[in-house]
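Structure first, commentary second.
The values are calculated or read from the model by the stated rules, or taken from the named source; none is laboratory data. From a predicted model like this one, the values you see are computed outputs, not experimental measurements. No Cβ is skipped: glycine too gets one built from the backbone with ideal geometry, and neighbour counts run over all protein chains shown. For accessibility, only protein heavy atoms count, side chains too; no ligands or nucleic acids. Shrake-Rupley method; radii C 1.70, N 1.55, O 1.52, S 1.80 Å.
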Amino acid sequence: MPQNLIEKVFGNGGLIARFHESYEYREGQIKMAEAVAKALSDKRHLIVEAGTGTGKTLAYLIPAIAAAAEGKMRIVVSTGTKNLQEQLMQKDIPFLQKILPKKFSASYMKGRGNYACLYRVQKAEMQPVLDNLDQIDHFREVSKWVHETATGDRGELVDLPENLSFWNRINARSDICIGQKCPDFNACFITRMRGNAEAAEIVVVNHHLFFADLNVRGNQFGKVIPDYGAVIFDEAHLIEDIASDYFGFQVSNFQIDELVRDTDTLPISDAVATRDLTKLAARIIGLAEQFWLRFSQAKTEGRYPLLPDTFAHRTSEGKSRPSALGEAYEALDTALRSLESFLGGYLADNPEAESLLRRTRQAIFDLDFIVHQAERNFVYWLERRGKGIFLRASP
Ligand code: SF4
């Protein structure tokens, strides 16, 4: 973005001053805009620390819009909070769309869990997903709304309670998505959101979505952010914690329960196989319960380190011997591997089997990674929250 253009936009009597009555000329803002413009044109990293009142949002948005137009590339802006995401989409970007001579389009992407999954909602109409009768009216509301909404974003349903348990079973999160084999793929809200983002020069996301997406790039089921030429992180102080969550590993009692419950509803026409699957599902539930019960140190809410001898200890002869917890893990691992081979036999005619197989393999891998603690650059711990037990490993 040439210097004279920066002056034309930010300078005294410039575009912003003419359209924004409380605009003040700020040298810091101009310096930041110049630095951002240079970093984008040189394709270099840039870190900016700017105090409150610098006007940093416009100082990065305007060079980003100019660079996107010049380089015909898409630029992603990632924020740490929903408030800033909304401020960008409802205030700053519409303002710039009004005053900048060059037209540009922007799109807003939330995390996949905010959107309804058309396939799951229809499935839930036939196979109940409700935990209690109080949820019936809410489910009816969602079921009617998915045929009317253009976005599928649950934020439109302002009266829907935040902690509605069935939402997690009918949302569009990547681990339960069956991707292009889905009969609703074209109408899917995620497909539409991705299409809108592909047509935009500026795509506003949050750090959670950005790192979740980065973690699954190359995987057709999870990726939603279209290819981009540059990314700008605002509220970058929040990145460290969020990124380590997405580049770490985690397995929880909820995750195993949900996997088994979904497996049990896998549509299979063979009655004998259905019976075998139900038996296997019951076995996994029992073994998982034994496994989680043995985390006796996690009686109250909090975080606890997973020490190297949690699952096995060395005998006096130097051999590794599993602890009671290690034995419970081995039994669970064996049962999960039986599920893996069972699902492998149904891939050809059942797209849901593929998604379940992916989830089973992920659970086997994550458990193995955390139990064996082979990666020395990770920290391993257990977290207890409410009824949930989470085993985690972070880089
Ligand atoms: S493509 Fe995935 S998220 Fe979209 S409707 Fe189908 S299963 Fe749901």
Flag if V77 is surrounded by 22 or more Cβ atoms within 10 Å (Cβ to Cβ) and either closer than 30 Å to D175 by Cβ or touching a Gly at 6+ places or on another chain (Cβ under 7 Å) (or both): yes
Where a residue in the range 163-181 is more than 10 Å from the ligand (Cβ to nearest atom) and its partner, wherever it lies, is modelled with pLDDT under 85, with Cβ under 6 Å and at least six apart: S165/D131; F166/V129; F166/L130; F166/Q135; R169/V129
Selected residue (only one of F291, F342, F390 is surrounded by 16 or more Cβ atoms within 10 Å (Cβ to Cβ), within 27 Å of I176 (Cα to Cα) and over 28 Å from the mean Cα position of the chain (by Cα)): F342
In the range 258-279, the residues that are open to solvent by less than 50 Å² (accessible area, probe 1.4 Å) and hydrophobic (A, V, I, L, M, F, W, C): L259, V260, L266, I268, A273, L277
One residue from A187, A106 being more than 22 Å from R358 (Cα to Cα), surrounded by fewer than 16 Cβ atoms within 10 Å (Cβ to Cβ) and in contact with a helix residue (DSSP H, G or I) (Cβ under 8 Å, 6 or more places away or on another chain): A187
The range 325-354 residues that are among the hydroxyl-bearing types (S, T, Y), paired with ones that are part of a helix (DSSP H, G or I) (beta carbon under 7 Å, 6 or more apart): Y329/F291; Y329/L367; Y329/V371; S338/L280; Y346/A353
Test: residue in the range 319-340 that is at pLDDT below 90 and within 30 Å of Y119 (Cβ to Cβ): no
Test: residue in the range 306-313 that is in a helix (DSSP H, G or I), of a type outside the set (F, W, Y) and out of contact with any Leu (no Cβ under 9 Å at 6 or more places or on another chain): no
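Within the range 182-216, restricting attention to residues that are in a helix (DSSP H, G or I) and near the ligand (Cβ under 9 Å from one of its atoms), which residue is nearest to V121 (Cα to Cα)?
Looking only at the range 182-216, we keep the residues that are in a helix (DSSP H, G or I), and these are 189-198, 207-216.
If we keep only those that are near the ligand (Cβ under 9 Å from one of its atoms) too, we end up with 189-191.
On the way: F189: 12, I190: 14, T191: 16 Å.
Checking each candidate, the answer is F189.
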Residue match in the range 56-69 (condition: free of Cβ contacts under 8 Å to residues at least 12 places away in the same chain and open to solvent by 20 Å² or more (accessible area, probe 1.4 Å)): no
